[in-house]
Structure formats: C-alpha cells, structure tokens
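Quick notes on the structure that follows.
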Amino acid sequence: MYKGDTKMASTVGIIFSSMNEENVPELTRVRSMGSIPIGGRYRVVDFALSNMVNSGITTVGMITKNNYQSLMDHLGAGKDWDLSRKDGGLILLPPYSGESETLYRNRLEALKGATAFLKKCKEDFVVITDSDAVYKLDYSKVIEAHIAKNADITMVYHEHEVVRSHYFMTFNTADDGRITDIEINPTSGGVRKNYINVMVARTSFMLRLIQDAIQHGYKSFGRDILSPSVGLFNLYAYKLEGYYSSISSLEKYFEINFDLLKKDVRSEIFGQRDVYTKVNDSAPAKFADTAKVKNSLVSDGCIIEGTVENCILFRGVKIGRDTVVKNCIIMTDNIIGENCNLAYVVSDKDSVIRDGRVLAGCEIQPYFISKGSLI
C-alpha cells in the first residue's frame, strides 16, 4: 500500500549511508553509519528513509561506501518501506567518484558519482540527506517553502547547542529566512542554527552545480559551493521544529537511545507517522519468574531471567539469573551470563559475557564491547 502523498510524486530522494563515520569509529568499524542499530529494533537509516516515504517520495537513491553488507541485508529490495517497485523505488548507488573506480572521499565526489542516477530521474526536485540522525520531518512542507521563496537551495537547520564533530556547519539568516552567512566548524559555541545535512533543490539546478564543480575541480560541497554561493544564489533556511539529535560521538549515540525511553520523545518520533524498518518475525520476549524489568525497551526474542533497568535490549538478548543490567544498550543476540553486573555498557552484536563479570562505564564514556566479543 502506498504510504505517501501524491503531491510529492515529482521529488526524488538521495540518502548518504556512510557520511560522518569518523564520529563513531567504534560503531562503524564493521558497518555503515546508516546501518547502526538504534532504539531496540531500528537502524539509523530508517528515520531518513521513513521521512521520505511518509512525504510521498517513491524514488530514493542510497549512496553506499565501505562495509555496506549489513545495510544491504537490512534494506533488501525496499519492500518494508513500500519501495520495491518496477518504476523508481529504492536504488543502491555505487560508491565511486564520478567515472573513476576509486571510492569517493567526500560529499561532493559522492554526488558526482550519482549524476547518472539524477539525469535519469524525471522528478523536478531532489531532497538530499544524511542518515546519522533521529528526527521527523515532512519534506513536502520543505518543498512548499522552497517554491514559495523561489529558492535555489533550501537548507534545513535545527537550533541547539553546537555539538562539535569532525565537520559541522552553522549559518545566519535574515528575517525572511534567506541565508546571509555560512560558518564551517565555527569556534564560537552556544545555541546556533545548525545545518542538519538536509537540502532541497531543483534536480536540474543540482546537476548544474555538480557539473560546474567537476569542471572547476572543486573538492568540498560546503567550502567550495555552498559558502561562496551566499549572495550569488537564493539560499534559504528551513527550521526543523521538535526533537533532533545526530550521532556525533559514542556518548551522543548513548544519549539518543535513552532519549527514546522518554514518553514525549517516543510520541513525537513514532506518533502520527510510522517509522518503518525491516520486519523480523521473532518470538515474543520471555520473562522468567525471577525477572525484574523497569523503564526499558525489550525487543522480540529476548529471554530475561535477571534485573533490567533503564536499558535498550535488541532482538535475541539473553540475561542470566541474578544478573543486574542498568543503563545499558545490548545489541542483537548478546548472551549475558549469570551473576553479572553491567552499568553504562554498549555491547555490539553477537557478544558473550560469561558468568560473574562486572563491567561499568559512565554516561559520558560508556564501556564499549566490540561485535562478537567473548568476555
């Protein structure tokens, strides 16, 4: 069944699945940014992809790079997002920069590699976004604002305290929303208009920008195209209201997951419009007589015999008898033995923690266990 709005049928989407992976090397060592597990049963890419589907975008190009096997396993043919289609649908784009056989090194090179895809698209507009954040956005409203302002590019921002990472962008605007100044990696902090790496443009205009960048040998989309374009092009800003948080560090990843334990955040992100993900028909979670669970997200297939408090448990997690797990993120198919005590731990998939282990981190530096570890 079609999940979107027909007024967005003239818009194509592009999602970067591997941008900003330098921020969380612990989690992206074996997977792409978009396929990072989050919230018990989702992957980060689900939020960007669901925003597009819920806005009526039925053609989405997914730009891949390294370690994208788990992403492909998760997305499949796009059926769970109603994107398994003969015309359009979900299309995985190769990770090459233009016509060369080398992997792209930055956003601009990735877009050069997507030009063939864009040239084949008949849609009037293109929405370009990363897959490293949790938020809800109706792109049809961004398109409406873009048309009303006669903008060349509309950039979406969220007002929050500057969160420093390897690369970020803020800007200033006039009263009508026109962007008057762009700062890349500004030194000043405070609450700023932070660009969330979501932009809208006419498809033809974006193709001209990319072609001009190729001819001039530009290297950076932000520094070589966006920043010098202030005053030359009609650059406008669109404000994202409500919850937004990006995975800019392991600490931030930890924080986002625990935000999803808050009722108001869950209602905003998962209410009204669904967040779609791969369907996994696991058995329901099983709670033994000795189990004690408080304020936690427990996914299908879990077996709980101990105490779980303020935790995110993904599918197939087993918590042994007399084990206490507090303020932890335990990913798929982890086995935690008996008489263990875990606090502020992020345990990647398929790990085994033997009986009697005591592991602890803290909010600003959780204890991380790599995928497939035996402790």
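The values are calculated or read from the model by the stated rules, or taken from the named source; none is laboratory data. This one's a predicted model, so the numbers in the text were calculated from it and none came from an experiment. We place every Cβ from the backbone using ideal geometry, glycine too, and count neighbours over all the protein chains shown. With ligands, DNA and RNA removed, areas are computed over all heavy atoms of the protein, side chains included. Shrake-Rupley method; radii C 1.70, N 1.55, O 1.52, S 1.80 Å.
Residues of the range 145-184 that are under 18 Å from D132 (Cα atoms), assigned to a strand (DSSP E or B) and open to solvent by less than 70 Å² (accessible area, probe 1.4 Å): M155, V156, Y157, H158, H160, M169, T170. Filter the range 285-307 for residues that are aliphatic (A, V, I, L, M) and in a loop (DSSP other than H, G, I, E, B) and give the result. Across the range 285-307, the qualifying residues are A285, A288, A291. Identify all residues within the range 204-216 that are out of contact with any strand residue (DSSP E or B) (no Cβ under 7 Å at 6 or more places or on another chain) and under 24 Å from E183 (Cβ atoms); write none if there are none. Listed by number, the residues that qualify are F205, L209, I210, D212, A213, H216. Within the range 219-240, the set of residues being β-branched (V, I, T), open to solvent by 20 Å² or more (accessible area, probe 1.4 Å) and assigned to a helix (DSSP H, G or I) is empty. Within the bounds of the range 45-57, is there any residue that is touching a strand residue (DSSP E or B) at 6+ places or on another chain (Cβ under 7 Å), surrounded by 23 or more Cβ atoms within 10 Å (Cβ to Cβ) and among the polar types (S, T, N, Q)? So far as the range 45-57 goes, no, none of its residues is touching a strand residue (DSSP E or B) at 6+ places or on another chain (Cβ under 7 Å), surrounded by 23 or more Cβ atoms within 10 Å (Cβ to Cβ) and among the polar types (S, T, N, Q).
Scanning the range 334-370 for residues that are open to solvent by 80 Å² or more (accessible area, probe 1.4 Å), modelled with pLDDT of 95 or more and under 22 Å from I36 (Cα atoms) returns a single hit, Y367. Note on the range 207-218: among residues that are among the aliphatic types (A, V, I, L, M) and either at pLDDT 95 or above or open to solvent by 20 Å² or more (accessible area, probe 1.4 Å) (or both), the one that is farthest from F117 (Cα to Cα) is I214. Applying a threshold of 6 Å to beta carbon distances and a minimum spacing of six or more residues, or different chains, the list of pairs starting in the range 236-259 at a residue that is in contact (Cβ under 8 Å) with a residue 40 or more places away in the chain and ending at one that is of a type in the set (D, E) reads G242/E268; Y243/E268; S246/D132; I247/D132; L250/E26. Pairs are defined by a Cβ separation below 8 Å, a sequence spacing of at least 6 or placement on different chains, a first member in the range 153-180 that is acidic (D, E), and a second member that is open to solvent by 70 Å² or more (accessible area, probe 1.4 Å) and in a strand (DSSP E or B); the pairs so defined are E159/V191; E159/K239; E161/V191. Quick one: how many residues across the range 30-50 are over 11 Å from the mean Cα position of the chain (by Cα) and not charged (D, E, K, R)? So the answer is 3. Cβ-Cβ distances below 8 Å connect the following pairs, each with a first residue in the range 290-302 that is within 13 Å of V325 (Cβ to Cβ), a second residue that is open to solvent by 40 Å² or more (accessible area, probe 1.4 Å) and part of a strand (DSSP E or B), and a separation of six or more residues or different chains: K292/E309; V293/F287; V293/E309; K294/E309; N295/E309; S296/E309; C302/K286; C302/K318.
For the subset of the range 208-218 comprising residues that are part of a helix (DSSP H, G or I) and not polar (S, T, N, Q), which member is farthest from the chain's Cα centre (by Cα)? Filtering first and then ranking leaves H216. The residues of the range 251-284 that are assigned to a helix (DSSP H, G or I) and open to solvent by 20 Å² or more (accessible area, probe 1.4 Å), listed by number, are E251, K252, E255, F258, K263, D264, R266, S267, E268, F270.
Criterion first (hydroxyl-bearing (S, T, Y) and in contact with a strand residue (DSSP E or B) (Cβ under 6 Å, 6 or more places away or on another chain)) does T102 satisfy it? In short, no.
Of all the numbered requirements in (1) in contact (Cβ under 8 Å) with a residue 12 or more places away in the chain; (2) within 17 Å of S229 (Cα to Cα), V134 misses one, and that requirement is (2). When you scan the range 185-227, how many residues do you find that are of a type in the set (D, E, K, R) and farther than 25 Å from D132 by Cα? Looking only at that region, the number is 2.
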